[in-house]
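Structure first, then comments.
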Amino acid sequence: MATVEIVDIDDDVEESAIVGRAMKVASALSARRTDEFAKPGNLVEVRFVKGQSLSLTASRLLALMILSAGGEAWRDTAHRMRKADIRRGHKGNERISDMLEELHRTLFAEDDRSWRGKKAVRKFSLIQMSKEEAEDEDGVEAGWIEWQFTPDARKLIQESETYAVLNRQAVLKFRSAYALKLYELGALRIHRRQPVWRCDMPALRAALGIAPDIYKDFAQLRRKVLETAKAEIDQLAHFRVEWQELRQGRTIVELVFRFVAKDAPAQIGTVDELARHSGGRRPRREGSVEQLAIVEQPEAEPADSQRVPPGAIDAVVARVAGAMSAHPRKPHPSLHSSTFPTGSLRWSGCEEFLRIGRDHGGGWDVDLVADAYRSIMGDRLARLTGTKLLKSWQGFCESYVARVGRPA
């Protein structure tokens, strides 16, 4: 009788065979500990059940849950997150309970087959269990929540081969739930050969969660939903969005959205905007920020006791400048050089530049893309360091691929 040899299968090999590309990318991004995270394409494209949608705060919470779970989101296990990571600037936790309850009761829909092989629509929720600590033992910073995705959600996450790379800061700073959803749809398509999304009006409403009883007139929907979403995405995302309206007679029957990667200077502006306070975002977007002008007005000569001594202001400025220079800002820990390399990225000593070029350069030679980057940026490149330099280089790689395509 022939003997059968039993061979142990390595856990990593077995696991890599049963999860899709989305979870592999999510694990890689989690290991880097940056603001970028991957949301599975199957979750991005899942439809809301007619008449239901997620509020902006609940949509943000779901995105943070995906970020926190990372490459483990598909597993049948509980995930955890600090309340402080959800609240942002709010001191209380009362809104977290409302967001969790909203996630529990919101239904999503996906095309499926019945037991007879007929076309069917499967409806399900994403969260099957959640726990919220009722008392914070060590103050508000110590509170945690715990949750578990439903089997249907885990199946979508596990099998997803596509993914959207999102930025945590951008997700938290959107002010429109429609803009956030369109941002996710754009991030899912921006790296494809044809970064477009075609949809009819019912599909648009289902994808963005637009209730059937609002914005019945397309002119109103264009103004309240699409133009608002475009303004926020163009300002906060690493790409811009445009759309074309296709008509039959006077009726709009289909929309074609196109997502365009930003070039390097625009990427720098986006990084700057994400670092600013949201209070002046709309005026900055509309170009209506007021400029402060100092106008000298003739006044009576101040008394000697009120006159600033000569050289006092210069002395204060000198002391402040000296204090700032005494404590120079530390460079980004992942950068070995404070400036972009002048030679080959393969021998620059900074693996981060090389990794970004390979990950986002679409298969082009990294040194070829780097030469084009130096040519476009010119003297401005010498003024970029740290995170801004990394974001600028990544944005150029993405826009380069969007312009010239991928190598044959």
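Note on the range 151-233: dipole from Cβ charges, positive end direction compared against Gln158, Leu180, Ile210; the farthest Cα belongs to Leu180. Amide H contacts of Ile127: Thr150, each under 5 Å away and 5 or more positions distant or on a separate chain (H built 1.01 Å from N in the peptide plane; Pro and chain starts excluded). Taking the three principal axes of the alpha carbon atoms in the range 98-209, the coordinate ranges are 52, 38, 25 Å, sorted in descending order.
Given all pairs of different Cα atoms, what value in angstroms does the Kirkwood hydrodynamic radius of the range 162-266 take?
On the way: mean 1/r = 0.0703 Å⁻¹.
About 14.2 Å for the range 162-266.
If you take the Cα Rg of the range 225-270 and divide it by 2.2 N^0.38 Å, with N the number of residues, what do you get?
On the way: Rg = 13.2 Å, N = 46, 2.2 N^0.38 = 9.4 Å.
Taking the Cα Rg and dividing by 2.2 N^0.38 Å, one obtains 1.41.
A simple packing score, the average count of other Cβ atoms within 10 Å per residue, orders the peptides 153-163, 252-262 as 153-163, 252-262, with the highest score first. Structure note, pairs Lys262/Lys391; Lys50/Lys155; Lys230/Lys388; Lys83/Lys131; Lys224/Lys262; Lys181/Lys388: Cα-Cα distances above 19 angstrom occur for Lys50/Lys155; Lys230/Lys388; Lys224/Lys262; Lys181/Lys388. What the range 356-408 shows is 48 Å² of accessible area per residue, with the surface traced by a 1.4 Å probe over protein heavy atoms.
Sort the range 173-219 into rounded, prolate or oblate with this rule: let a ≥ b ≥ c be the square roots of the eigenvalues of the Cα gyration tensor; rounded if a/c is under 1.5, and if a/c is not under 1.5, prolate when a/b is larger than b/c, oblate otherwise.
Values: a/c = 2.82, a/b = 1.48, b/c = 1.91.
Since a/c reaches 1.5 but b/c is at least a/b, the shape of the range 173-219 is classed as oblate.
Extension gain, Lys119 to Arg21: 0.36 nm times the residue separation minus the Cα-Cα distance gives 32.6 nm. The protection proxy used here, the mean number of other Cβ atoms lying within 10 Å of each residue, ranks peptides 44-54, 66-76 as follows, highest first: 66-76, 44-54. Phi-derived couplings, Karplus 6.51 cos²θ - 1.76 cosθ + 1.60 at θ = phi - 60°, listed residue by residue for the range 352-368: 5, 4, 5, 4, 4, x, 6, 6, 10, x, x, x, 6, 4, 4, 6, 5 Hz, with x used for Gly and Pro.
Can you order the peptides 373-385, 392-404 by their average number of other Cβ atoms within 10 Å per residue, highest first? The partial results should precede the final answer.
On the way: 373-385: 13.8, 392-404: 21.9.
Output ranking for 373-385, 392-404: 392-404, 373-385.
Remark: spin-label model distance Ala382-Val260 equals 3.2 nm, labels positioned 7 Å along the Cα→Cβ axis.
The values are calculated or read from the model by the stated rules, or taken from the named source; none is laboratory data. What you see is a predicted model; the values in this text were computed from it and never measured. A quick note on method: Cβ atoms are made from the backbone with ideal geometry, for glycine too, and the neighbour counts reach across all protein chains shown. In case anyone asks, the SASA skips ligands and DNA or RNA and just uses the protein heavy atoms, side chains included. Shrake-Rupley method; radii C 1.70, N 1.55, O 1.52, S 1.80 Å.
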